[in-house]
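Have a look at the structure below, then the notes.
The values are calculated or read from the model by the stated rules, or taken from the named source; none is laboratory data. Quick caveat: nothing in here was measured; it's all calculated off a predicted structure. Because the Cβ atoms are built from the backbone with ideal geometry, glycine has one as well, and the counts that use them run over all protein chains shown. Each accessible area value is taken on the protein alone, full model and side chains, heavy atoms only, with ligands, DNA and RNA left out. Shrake-Rupley method; radii C 1.70, N 1.55, O 1.52, S 1.80 Å.
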Amino acid sequence: PVRWRVVRDENIRWRTAMPEAGMSSVTVWGDRAFVTTHVPIERIEEKDAVTDVFGFCLDTETGAILWRVDLPGSAFISLAGGFTDGTVFAPVTDGEYVWFFNRCGSMGCYDFEGKQVWFREWKPRFKHNNRQAEPFLVGDAILYLEVADKEQGAKIQKWSAPGVKKKGGTSVPEGVDPREVWTYLHGIDKRTGEVLWRENVGTVVHTTPRVGRTADGRWAVSHARGGPHAPLESPAGHSLTSLAPGEEGTTLWTTDLP
């Protein structure tokens with residue numbers, strides 16, 4: 001249909017009640033639909049300190065939930081916040097496996113029967129409650145935005161915290177190189193969850209990386225740093241990073257922007 005309305009039940013084939021709110025898009029492959037929600041909370045007072053996410057597989061013909069997986073997180077975020085929540089990233093699939101993401105600090109790979117292939121945890125940089133760069137699959141690598149030093153990144157505090165310096169609109173612990181707590185594009189091995197490579201010029205969470213080919217036919221990703229809300233990754237700039245075999249993560253060029 002080109003027209004549908006849920007409230008009037010117009011052209012709605014099925015409905016499936018989910019256990020809690022979530023903001024991820026639904027990813028569809030054949031007769032499977034994948035989506036994430038937060039783990040249910042019991043009291044409204046809990047909504048500003050949630051961490052854990054469910055990943056679901058549904059039958060696209062009936063709406064039946066076929067299986068569910070757990071993705072615990074470690075960084076608090078608001079459930080159904082004004083900009084986003086821990087379910088911000090849509091699941092990714094190649095038709096054989098599906099990868100679920102929890103913005104609060106985890107990601108996992110599963111086959112189409114729900115069997116876990118691998119599970120990876122990481123420490124995101126502070127409580128950053130906004131829409132962020134979606135992960136995507138290029139060849140055998142999942143392009144994913146993460147802080148360089150996970151331990152140091154998790155220590156970033158608010159302006160009022162003691163013993164910190166202002167840097168680019170947030171704050172950095174004393175003695176920490178700001179570049180260690182920048183976010184960068186990482187290439188994650190889709191088969192194992194291991195980090196294959198990391199670019200070195202920085203990428204802000206507000207950007208939307210785009211993949212394409214250069215004039216000579218090499219695969220590359222265009223990405224940016226800096227911008228509104230005074231992110232740590234500065235000065236603002238635009239970069240092109242190679243995804244070609246053997247030179248993944250290599251900077252092809254980078255330029256500062258006003």
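For segment 213-221, the count of residues that are modelled with pLDDT of 85 or more and within 15 Å of the chain's Cα centre (by Cα) is zero.
Out of T62, T84, one residue alone is in a loop (DSSP other than H, G, I, E, B), surrounded by 17 or more Cβ atoms within 10 Å (Cβ to Cβ) and of a type in the set (S, T, Y). It is T84.
Residues are listed down the side, and each one gets a yes or a no for (1) open to solvent by 10 Å² or more (accessible area, probe 1.4 Å); (2) assigned to a strand (DSSP E or B); (3) out of contact with any Phe, Trp or Tyr (no Cβ under 9 Å at 6 or more places or on another chain):
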{"position": "V98", "(1), (2), (3)": "no, yes, no"}
{"position": "F101", "(1), (2), (3)": "no, yes, no"}
{"position": "G108", "(1), (2), (3)": "no, yes, no"}
{"position": "R120", "(1), (2), (3)": "yes, yes, yes"}
{"position": "E134", "(1), (2), (3)": "yes, no, no"}
{"position": "L145", "(1), (2), (3)": "yes, yes, no"}
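The set of residues in segment 206-239 being open to solvent by 10 Å² or more (accessible area, probe 1.4 Å), among the β-branched types (V, I, T) and touching a strand residue (DSSP E or B) at 6+ places or on another chain (Cβ under 8 Å) consists of T207, V211, T214.
Of all the numbered requirements in (1) modelled with pLDDT of 95 or more; (2) under 26 Å from R210 (Cβ atoms); (3) not basic (K, R), L66 misses one, and that requirement is (2).
Taking segment 17-37 as the range and being among the hydroxyl-bearing types (S, T, Y) and either outside any loop (DSSP other than H, G, I, E, B) or open to solvent by 40 Å² or more (accessible area, probe 1.4 Å) (or both) as the test, the residues that pass are S25, T27, T36, T37. Can we say G246 is surrounded by 15 or more Cβ atoms within 10 Å (Cβ to Cβ) and not polar (S, T, N, Q)? No; evaluated as a whole, the condition is false for this residue.
Restricted to segment 203-223, and to residues there that are of a type in the set (G, A, S) and assigned to a loop (DSSP other than H, G, I, E, B), the residue that is farthest from H238 (Cα to Cα) is G217. For segment 38-52, indicate whether the set of residues that are open to solvent by less than 20 Å² (accessible area, probe 1.4 Å), out of contact with any Leu (no Cβ under 8 Å at 6 or more places or on another chain) and outside any strand (DSSP E or B) is non-empty. No, that holds for no residue.
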